[in-house]
Structures are given as structure tokens and as C-alpha cells.
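**Q** Take this structure first; my questions come after.
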There are 2 protein chains.
Amino acid sequence: MKQIQNTFLREFSPDGHYLVGVSGGRDSVALLHCLINSGYKNLVVCHLNHQLRGRASDADARFVEKLADKYDVDFVVDSANVRALATKEKLSIETAARDARYKFFAQAAKRERCRTIFLAHHADDLVETFLINLFRGSGTAGLGAMRTVSKRRVEDVELTIVRPFLENWRAEIDRYVRSQRLKFREDASNKDLAPLRNRIRRRVIPYLEKILGRNIRQGIWRAAMIAAEEESWIETQLPNVTDVNLAVGKLRDLPVALQRRQILKWLRAQNIGNVGFDVVENVRALLDHDSGIAKTNLPQDRHVRRKAGKMFID
Amino acid sequence: MKQIQNTFLREFSPDGHYLVGVSGGRDSVALLHCLINSGYKNLVVCHLNHQLRGRASDADARFVEKLADKYDVDFVVDSANVRALATKEKLSIETAARDARYKFFAQAAKRERCRTIFLAHHADDLVETFLINLFRGSGTAGLGAMRTVSKRRVEDVELTIVRPFLENWRAEIDRYVRSQRLKFREDASNKDLAPLRNRIRRRVIPYLEKILGRNIRQGIWRAAMIAAEEESWIETQLPNVTDVNLAVGKLRDLPVALQRRQILKWLRAQNIGNVGFDVVENVRALLDHDSGIAKTNLPQDRHVRRKAGKMFID
């Protein structure tokens with residue numbers, strides 16, 4: 001795991017204070033080990049108990065606590081009833097689990113006065129996420145799902161998310177874990193929590209590589225990294241949306257590519273989460289004077305309306 | 001085929017003078033019929049004989065000639081030995097055929113003093129091209145492969161390419177062809193000329209839709225359209241590269257997303273075609289002073305070198 005040493009020691013020095021998300025699964029156990037090995041000391045291991053596997057979930061939490069203890073770093077834990085959240089918010093288990101984790105990370109960030117968190121997502125995760133967003137056609141952030149360093153606003157906290165493994169493949173992490181004889185919790189890596197992801201990982205990607213006779217993951221990885229970089233740059237080119245309403249005229253003057261991103265940014269700023277480009281396109285259709293349409297539906301029974309040259313949410 | 005009437009009559013009026021690419025296959029026959037039906041009169045039907053299927057190819061050419069005759073529009077034809085070109089240039093048959101077609105279109109555009117060409121690419125073509133570029137990881141234009149209206153420089157001609165069917169699915173075109181009882185050449189639609197495309201169309205997409213239990217083409221189509229729009233907008237934000245060399249310092253000052261696009265634009269301006277992002281990344285690595293690397297390979301035995309603060313091609 002050379003990458004950590006090479007790339008991250010500069011920007012995120014081992015002397016700093018960081019959170020680390022640790023499920024107890026192979027990837028996050030490897031990440032924590034790597035960080036400790038690279039001289040990071042002032043770490044806070046963050047573990048959310050998703051309560052999805054009963055006693056096994058409690059055992060995961062205890063395992064991670066012991067690990068933190070062994071490495072002599074801080075440990076924070078919380079639990080969330082992810083299944084109930086998913087039902088209540090009409091989300092998939094995977095999405096509800098992710099939302100709950102980020103909420104937990106934001107709370108930990110506040111309490112620990114530390115805004116930077118290391119997460120163990122690796123190159124295969126990136127490829128799988130890209131394909132999931134592509135096939136669903138409603139990825140919340142377009143195709144550029146993950147970046148090595150990114151910002152994410154969760155409630156009133158701006159987290160800096162660092163993914164040191166994003167250039168490492170699962171197989172490399174496997175080798176590292178074996179060579180270091182690391183123990184981890186076999187099922188803690190959310191196997192049963194993401195059926196679509198598992199189908200992509202275990203069936204779709206192997207099938208594609210077989211029928212096309214080539215490694216496709218490298219190409220998808222590169223496409224995803226480039227898309228993420230371009231999306232992030234486009235974001236920086238958008239006018240700020242501080243207002244609750246969006247002026248139709250100003251939006252109409254932007255190039256189509258920026259209209260889409262601006263709408264997405266506005267919806268997010270108004271706490272309309274999980275919005276895909278299908279919704280964005282419906283909102284964009286409101287720009288058309290001639291269409292006569294002045295209302296479109298958002299998730300969770302909310303709406304965008306156009307009235308007197310403004311768009312607003314109710 | 002309402003789309004043509006709605007969207008195109010405004011920008012590309014039926015009174016104008018246009019080229020139309022017609023292979024004789026179902027899609028291009030439908031396109032030509034649609035245009036004629038919508039009142040376009042001043043058309044030049046362009047057919048390139050790819051010489052891939054011997055006498056059948058000659059029969060395609062005669063079929064298209066008769067069609068032009070029937071509709072009372074102009075007809076231009078040429079032929080290219082695509083197989084020989086592919087061997088000589090070390091390209092796939094599909095890529096060699098496309099290059100030959102665009103060269104032919106550019107020549108026709110010059111001779112006919114007409115810079116706009118209608119092509120019959122439809123929504124399924126867009127989805128297939130997106131997946132091909134994604135899986136190969138070396139798409140020549142990133143993921144935004146096709147746009148409804150785009151510019152393409154071929155030698156010294158700037159073609160405006162219009163794809164009226166880009167929002168129509170193959171099934172809609174099929175229905176149109178049946179309802180209008182149009183005759184077309186069964187094999188002229190490049191079946192055997194694109195083995196990878198055929199595998200994607202006939203095996204990969206049906207498999208994905210079966211295993212994921214949903215229509216994935218709509219989502220991919222939207223992603224491809226958005227990517228194309230964003231790439232095209234990013235292009236407009238790039239500094240112009242008129243110089244044969246590229247200044248390393250200026251390039252280094254750009255955000256990574258723009259560095260990539262700038263390199264791609266520069267290579268294209270220098271007639272380095274068929275360049276994927278793997279090559280772009282190699283060129284970008286030359287920006288790193290510390291790396292010690294000052295040369296990287298391009299296709300067809302050409303190279304980019306860094307010397308005295310400039311990048312140049314030899």
C-alpha cells in the first residue's frame with residue numbers, strides 16, 4: 001500500500017487529527033492498519049452499528065473497539081436501526097445505511113472537532129458504484145461518484161472525505177491483509193446490505209470480462225475518476241445559490257450543462273437529497289415558457305413550482 | 001418520428017441544402033424517408049461503398065442510388081477498401097470504416113459546398129457506443145460520444161453533424177419502417193463490420209437487463225447525453241491551442257479536468273486521432289517535474305516530448 005505514503009503524507013500529515021470509518025470488514029481493517037503503520041497516531045475510529053445482523057453486528061462493534069484499543073487510538077460508536085430508517089424514508093437498505101453513516105460521521109466530527117475522515121473505498125468499489133449509478137440512471141451525483149479527496153456537507157458540517165485506497169484494487173488489499181495477517185470480520189463488509197452491488201460485483205463484472213475478453217474495470221475506473229474531476233470542476237463554475245428560490249431567467253441563460261448542475265446544486269442546498277438526473281430534467285422542463293407546465297414532483301411528496309419568474313419548492 | 005418536425009425544422013429548415021449519409025440499411029432509409037416527408041428537398045444522399053461484402057456491397061450502392069432517384073434528390077457515391085485501410089493503419093474494421101466515411105463526407109461537403117450532414121444514429125447506437133467506450137477505457141472522446149448537433153473537423157473541413165434520431169429507439173424506427181412499408185438492405189447496416197458492437201447489442205445489454213430486472217438503456221442514454229453536453233461545454237472553456245507546441249507551465253496551472261481536455265484538444269489539432277484517456281494521462285504525467293520522464297508514446301509510432309518548458313510531437 002505504497003499509495004498512502006506517497007500521496008497522502010503531504011496533504012494529510014500523520015501529525016494531524018483524523019476520523020477513520022471502520023466497519024470491521026477487510027478493507028477498513030487494512031486501512032486502519034496502513035494508517036497506523038504510516039505513523040498516524042491521533043486517530044478516532046468511528047463505527048456505526050447498523051443493527052442488521054443482530055448479535056453479529058454487536059460482535060463487529062466489539063471487534064472494532066478492541067482494534068482501536070490495540071492500536072491505542074480513540075473509538076466512537078453509535079447504532080442506528082437502518083432497516084426501520086429504510087422503511088420510513090422509502091430508501092434501499094444500502095442508501096439508508098449510507099445516510100445513517102454520514103450522519104454519524106458528521107456528529108462525530110462535531111464532537112471530536114475534526115472535519116476530516118478517512119474511508120476505505122477502493123478501486124473496485126468505485127467501479128461498482130459507477131455501474132450502479134449508470135444502470136439506475138438516477139445516480140445522485142452523476143457518474144463521478146467518488147474522489148480521492150472530496151467535500152460533503154452533512155447537515156451543518158462540511159466533511160472532508162479522504163479515500164487513500166481509491167487507486168488500489170480489492171486484490172491488492174487482499175494481498176496486504178494476508179501478508180500482514182490481519183484479522184477482520186468476514187461479514188462486516190456489508191455483504192447482505194447491498195444486493196444490487198453484489199450482483200454487479202459477483203455476476204455482472206465477471207460476465208462482462210468473460211464475454212468481452214478483456215479487463216473492463218481499468219477503463220471504467222478511469223472514466224469514473226475523470227467524470228468525478230470534471231463534475232467537481234463544473235461545480236466551481238456555477239453561480240452561488242444562496243436564495244431559497246431560483247430565478248428562471250438567469251438559469252435559462254446558462255448553457256444546458258450548467259443548468260443541470262445548477263438545479264442539482266439548488267435542490268441539494270434545499271435538502272432535497274437522492275435526486276437523479278430524471279428529476280433534474282423535469283425541473284429543467286419548467287424553463288420552457290411554451291410548455292405550460294409549471295410544476296414537477298420531487299421525492300417524498302415535495303414539488304418544484306414556477307411562478308412569477310422564480311422556481312420554488314413546496 | 002415526430003422529433004424531426006418538432007426539433008429540427010427550426011434550426012435546420014427544410015429549405016436548406018444538406019448531405020444525408022445513407023448506407024441503405026433500415027435506419028438511414030427511415031431517416032431519408034422522414035426528411036423527404038418533412039419537406040426537405042435540397043438533399044445530397046451520400047453513400048460510401050465499404051467493399052466489405054463484395055457484390056452485396058455493390059448492390060447496396062445501387063439500391064441507395066435508386067432511392068435517391070425515386071425521391072428526386074442528388075446522389076454521391078465513392079468506395080474505399082476498408083479492410084486494407086484497417087490493416088495499414090492498425091485499426092479495427094469499425095474504426096477504419098468510420099474514418100473512411102468521415103473522409104468521404106468531408107470531400108462531399110467540399111464538392112457540394114454544403115457543411116451540414118444528417119446521420120441516422122439513434123438512441124440504441126448512442127447507448128452501445130457509450131458502453132464500448134466505457135469498456136475499452138480508451139474512448140476517443142470520453143463518454144460523451146454523440147450529440148444531436150455537433151461539429152467535427154475532418155481534414156480541413158468543419159462538418160456540422162445532425163442526428164435527428166438520437167432520441168428515438170431502434171424499436172420506434174422499426175415501427176416507422178413497417179408502418180411506411182419501407183424497403184431497405186438487410187445487411188447494409190454494418191452487421192458484420194462491428195463484432196464488439198454486435199456483442200454489446202445482442203448479448204451484453206439483454207443480459208444486463210435480465211439480471212438487473214430493469215431497462216438500463218434509458219439511464220445510459222441520459223448519462224451519455226449529459227456527458228456529451230458537459231464535455232462540449234468544457235471544450236468552450238479551454239484556452240485556444242493554435243501553437244504546435246504546448247506550454248508546460250500554462251497547462252500545469254489549469255485544473256486537472258481542463259488539463260486532460262486541453263491535451264486531448266491539442267493532440268487532435270495536431271492530427272493525432274483515436275487517442276484515449278490512457279494516452280492523455282501519460283502526456284499529463286510529463287507535467288510532473290520530479291518524474292524525470294520526458295517522453296511518452298502516441299499511436300502510430302509518434303511521441304510527445306517535454307523540453308525547455310514545452311511539449312512537442314515528433
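**Q** List, in order, the whole-Hz ³J(HN,Hα) value for each residue of the stretch B:59-64 obtained from phi through the Karplus relation with A = 6.51, B = -1.76, C = 1.60 and θ = phi - 60°; use x for Gly and Pro.
**A** With the stated coefficients, the stretch B:59-64 comes to 5, 4, 4, 5, 4, 5 Hz.
**Q** Points 7 angstrom from Cα along the Cβ direction at B:His303 and A:Val244: gap in nanometres?
**A** 6.4 nm
**Q** Ordered by residue, what ³J(HN,Hα) values in Hz, to whole numbers, does the stretch B:168-178 give under the Karplus form 6.51 cos²θ - 1.76 cosθ + 1.60, where θ = phi - 60° and Gly and Pro are x?
**A** Taking θ as phi minus 60°, the curve returns 9, 7, 3, 4, 5, 5, 4, 4, 4, 4, 5 Hz for the stretch B:168-178.
**Q** Quick one: grab the alpha carbon gyration tensor of the stretch A:11-72, order the square roots of its eigenvalues as a ≥ b ≥ c, and give me rounded if a/c is under 1.5, else prolate or oblate depending on whether a/b is larger than b/c.
**A** prolate
**Q** Which cross-chain or sequence-distant (5 or more) residues have an amide H under 5 Å from the amide H of A:Ser23, H modelled 1.01 Å from N in plane?
**A** A:Ser28
**Q** Now a separate question. In whole angstrom, and with the biggest value first, how far do the Cα coordinates of the stretch B:185-314 range along each principal axis?
**A** 55, 29, 28
**Q** A further question follows. Only four residue types carry charge here, +1 at the Cβ of Lys and Arg and -1 at the Cβ of Asp and Glu. Report the dipole size of the stretch B:219-314 about the Cα centre in Debye, rounded to the nearest 20.
**A** Numbers: 14 positive and 12 negative charges, 57 e Å.
It works out to roughly 280 debye.
**Q** Tell me what chain B gives for mean residue ellipticity at 222 nm when only DSSP H runs of n ≥ 4 count, each as -39,500 (n - 2.57), the sum divided by the residue total, rounded to 500 deg cm²/dmol.
**A** For chain B, the value works out to -14000 deg cm²/dmol.
**Q** DSSP beta bridges in chain A, what fraction antiparallel, as a percent rounded to 5?
**A** Here the share of antiparallel DSSP bridges comes out near 45 percent.
**Q** Measuring from a point 7 Å out along Cα→Cβ, what nm distances, shortest first, does A:Arg175 have to its partners in the other copies?
**A** Listed shortest first, these distances are 5.3 nm.
**Q** In Å, what Rg and Dmax follow from the Cα atoms of the stretch A:70-149?
**A** 14.9, 44
**Q** Taking all pairs of distinct Cα atoms, average 1/r, flip it, and tell me the Kirkwood hydrodynamic radius of the stretch B:249-309 in Å to one decimal place. Provide the component values of the computation, followed by the final result.
**A** On the way: mean 1/r = 0.0843 Å⁻¹.
Computed over the stretch B:249-309, the radius equals 11.9 Å.
**Q** Let me ask another. Return the long-range amide H neighbours of A:Asp74 (sequence gap of 5 or more, or a different chain), with a cut-off of under 5 Å between placed amide H atoms.
**A** A:Leu43, A:Val45
**Q** R0 = 60 Å: FRET efficiency of B:Ala59 with A:Glu112, Cβ-based, nearest 0.05?
**A** Numbers: r = 75 Å, r/R0 = 1.26.
After rounding to 0.05, the efficiency reads 0.20.
**Q** Now, a different point. Shortest first and in nm to one decimal, what separations exist between B:Arg83 and its copies in the other chains, measuring from label points 7 Å along the Cα-to-beta-carbon line?
**A** 6.3
**Q** When a/c is below 1.5 the answer is rounded, else prolate if a/b is larger than b/c, else oblate, so apply that to the protein assembly as shown with a ≥ b ≥ c taken from the square roots of the Cα gyration tensor eigenvalues.
**A** prolate
**Q** Also: Kindly state, to the nearest 0.05, the FRET efficiency for B:Ile293 paired with B:Ser92, given R0 = 35 Å and r defined as their beta-carbon distance. Please report the intermediate quantities before stating the final value.
**A** Working: r = 29 Å, r/R0 = 0.84.
My answer for the efficiency is 0.75.
**Q** From the P(r) of the stretch B:107-184, could you give the percentage of C-alpha pairs in the tail past 14 Å?
**A** The calculated P(r) of the stretch B:107-184 puts 69 percent of pairs beyond 14 Å.
**Q** Between A:Arg203 and A:Val157, what length comes free when the chain is fully extended (0.36 nm per residue of separation minus the Cα-Cα distance, one decimal in nm)?
**A** That works out to 12.8 nm of additional length.
**Q** A further question follows. Taking N as the number of residues in the stretch B:1-158, what is its alpha-carbon radius of gyration divided by 2.2 N^0.38 Å?
**A** Compactness ratio reported: 1.05.
**Q** Another question about this same structure. Put +1 on the Cβ of each Lys and Arg and -1 on the Cβ of each Asp and Glu in the protein assembly as shown; which of B:Leu143, B:Val127, B:Pro195 then has its Cα farthest toward the positive end of the dipole?
**A** B:Pro195
**Q** Here is a follow-up. What pairs from B:Lys110/B:Lys151; B:Lys41/B:Lys66; A:Lys88/A:Lys310; A:Lys250/B:Lys265; A:Lys265/B:Lys250; A:Lys250/A:Lys307 go past 20 Å between their alpha carbons?
**A** Pairs exceeding the cut-off: A:Lys88/A:Lys310; A:Lys250/B:Lys265; A:Lys265/B:Lys250.
**Q** Calculated FRET efficiency, A:Ser179 and A:Lys70, Cβ-Cβ r, R0 25 Å, to nearest 0.05?
**A** 0.85
**Q** Only four residue types carry charge here, +1 at the Cβ of Lys and Arg and -1 at the Cβ of Asp and Glu. Report the dipole size of the protein assembly as shown about the Cα centre in Debye, rounded to the nearest 20.
**A** 880 debye
**Q** Based on the alpha-carbon gyration tensor of the stretch B:141-220 and its eigenvalue square roots a ≥ b ≥ c, which shape applies: rounded if a/c is under 1.5, prolate if not and a/b is larger than b/c, or oblate? Please report the intermediate quantities before stating the final value.
**A** Numbers: a/c = 1.67, a/b = 1.25, b/c = 1.33.
Oblate, since a/c reaches 1.5 and b/c is not below a/b.
**Q** Please report, to one decimal in angstroms, the Kirkwood hydrodynamic radius of chain B built from all distinct Cα-Cα pairs.
**A** Computed over Cα pairs of chain B, the Kirkwood hydrodynamic radius comes out at 21.1 Å.
**Q** For B:Leu298, list long-range residues whose amide hydrogen, built 1.01 Å from N in the peptide plane, is under 5 Å from its own amide hydrogen.
**A** HN-HN under 5 Å from B:Leu298: B:His303, B:Val304.
**Q** Could you pull the copy-to-copy label distances for B:Ala285, with points set 7 Å along Cα to Cβ, in nm to one decimal and sorted shortest first?
**A** Going from nearest to farthest copy, the values are 4.7 nm.
**Q** When every alpha-carbon pair in the stretch B:116-264 is counted, what percent end up more than 29 Å apart?
**A** Roughly 28 percent, once rounded to a whole number.
Rule-based calculations on the coordinates, nothing more; no lab input. These numbers come from a predicted model, not from an experiment. Note that we place each Cβ from the backbone using ideal geometry, even for glycine, and neighbour counts take in every protein chain shown.
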